[in-house]
Amino acid sequence: GVVCGDSSTRMRPGTGAATSLARRVLPRPSPRARRLTPAVSSQSRNMRYSEFVASRGVASPPRASPTATAATDHAAAASSSSSDALPPSVAALVPKLSLARKKGACGVVGVLGGCAEYAGAPFFAAMASIRVGADMTHVFCSRGAAPVIKSYSPELIVHGVVRESADVKRDPPRSVGDEHPTTVAAVADADEILSWMPRLSSLVVGPGMGRDRSMQLTAKLVVYHAMKSNLPIVFDADGLYMLTKEPELVRGYSRATLTPNVNELRRLCDETGVKVPGYEDDDDGDDADADRGGKGKRYAPVPGDPEAWRRKAARALADELGVTVVSKGATDEIRSVGSLDRRDRPHNVHAMGGDGRDDDHFDDVVERCPVLTRTCDAPGMPRRCGGQGDVLAGAVATFLAWADSDPAAAETALRRLTDEGPPETGAGERSWHDDARARRSASARGDEAASPREMCDDDVGALNALCAHAACVVTRLAARRAFQEKKRSVLTTDVIPHLGGVMQTLFPV
């Protein structure tokens, strides 16, 4: 009972005022009616529900068979124009399974991210990489996030080695000289992560990393040394936030792949000075404008086609930084540019008769950088639940790991991509295919295939775009399969199990 008023007065369940009122107002069946009412079985309930659905004119969707689903996925992956279809050359990158392979031969992916608040994002990225086909995944996260991520799956190798600012304050490291404790902790944590770097085939930076100063500094140090090793790096989420603060960190690094959504793309364009139609300066901008797009900048929509700004901005950002950009949206715009490091090599400009970065000849150098642009419009799912971008980042890292682990497969993929012909390029742009055939012919004389870490920037950019396109198609088709099952209640955890089925459909074992 519930004590009410005097402690000696107790109310029995069902004797309250609301219950009494309900008994007076609502009709009660007679004892005879209760005795005559038959028990309703689960079968009759289902029949009644089916009759109700039919009376409302709502037809239950038929469950698609695995054969029909596979055929639909094949058609979606190969549909549309040459820039939209999944290139057949991707199949050369997917490793052939064999009993002779050793553990790690199909790629080892590292994920740098995961803080106390966001432990799910690195799990999504790491599990996606394994489900797509990587052999192993290492997650480098904060100390607080490690036990949580470990509890999600035993498949992941979790290293809780990164200290957040709260950890540094609680247990400050011993400083040397005038060094700040956060700097000392970041250097020590980065050294611990770098000790595992020789085992990795690719690295994802950003999922769930947060914007804590200590974690951001640790990530920056790891990225700097990973670039010195020519390791393929995928930047997503808070890894992109790190680049908005220091875009020069990856400028000219052709092995970097950025996967921004529209808001992250806007901030990156603002910090790098990229302006495209639809971008307007707002001198009176305040902090609210800064949160939307950067320091006092406002982004006006493009009249008639809101996706036009995103596509143009993705291409402009890739051209500016010399990296591969995967702009996520209704369609995924993929842009890579090669040999952009010539911008920062004055001797190349002097060789053309220029005398510095402001010379007209320098613009000629930049315009002649070969580009490769692809668009992925494979059907995905209309529900935008959180974590799908992390899945894509993990899938991209897996394809990059395969290309990095097998130089012969990477060379074969580039040869096939060359034979497939160039997709459409913009006015004044030179396609990667313009030079690729000559390089392929030169290397066909029996020379040993070059590792992607030793390839020229032009080929590396094309390889990145190829891997990103394949990952976009696989992620979208897996999301569509999950949505067909769960509809409005679909979650990112429902998408990951379908990655393997999509891979088997597109690249059967």
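The values are calculated or read from the model by the stated rules, or taken from the named source; none is laboratory data. Keep in mind the model is a prediction, meaning the values are calculated, not measured. When we count neighbours, we look across all protein chains shown, and the Cβ atoms used for this are built from the backbone with ideal geometry, even at glycine. Keep in mind that these areas ignore ligands, DNA and RNA; they rest on the heavy atoms of the full protein, side chains included. Shrake-Rupley method; radii C 1.70, N 1.55, O 1.52, S 1.80 Å.
Just a few scattered comments:
- Which listed pairs, of Lys102/Lys328; Lys102/Lys228; Lys96/Lys487, have C-alpha distances above 31 Å, in listed order: Lys102/Lys328; Lys96/Lys487
- Placing pseudo-labels 7 Å out from each Cα toward the beta carbon at Arg170 and Leu97 gives an inter-label distance of 4.3 nm.
- In a fully extended conformation the segment linking Ser195 and Lys275 would gain 24.8 nm over its present Cα-Cα distance, using 0.36 nm per residue.
- Across the protein chains, with a 1.4 Å probe defining accessible surface, the residues Leu156, Leu491 rank Leu491, Leu156 from largest area downward.
- Label-to-label distance, Ser153 versus Ala308, with points set 7 angstrom from Cα along the beta-carbon direction: 4.2 nm.
- Here's how it looks for Val111: its modeled amide H is under 5 Å from those of His138, Val139, Phe140, Val204, which are all 5 or more places away or on a different chain.
- Note on Glu246/Ala330: beta-carbon distance plugged into 1/(1 + (r/R0)^6) with R0 of 30 Å gives a FRET efficiency of 0.50.
- Cα-based shape type of the stretch 94-235, given that a ≥ b ≥ c are square roots of the gyration tensor eigenvalues and the cut on a/c is 1.5: prolate
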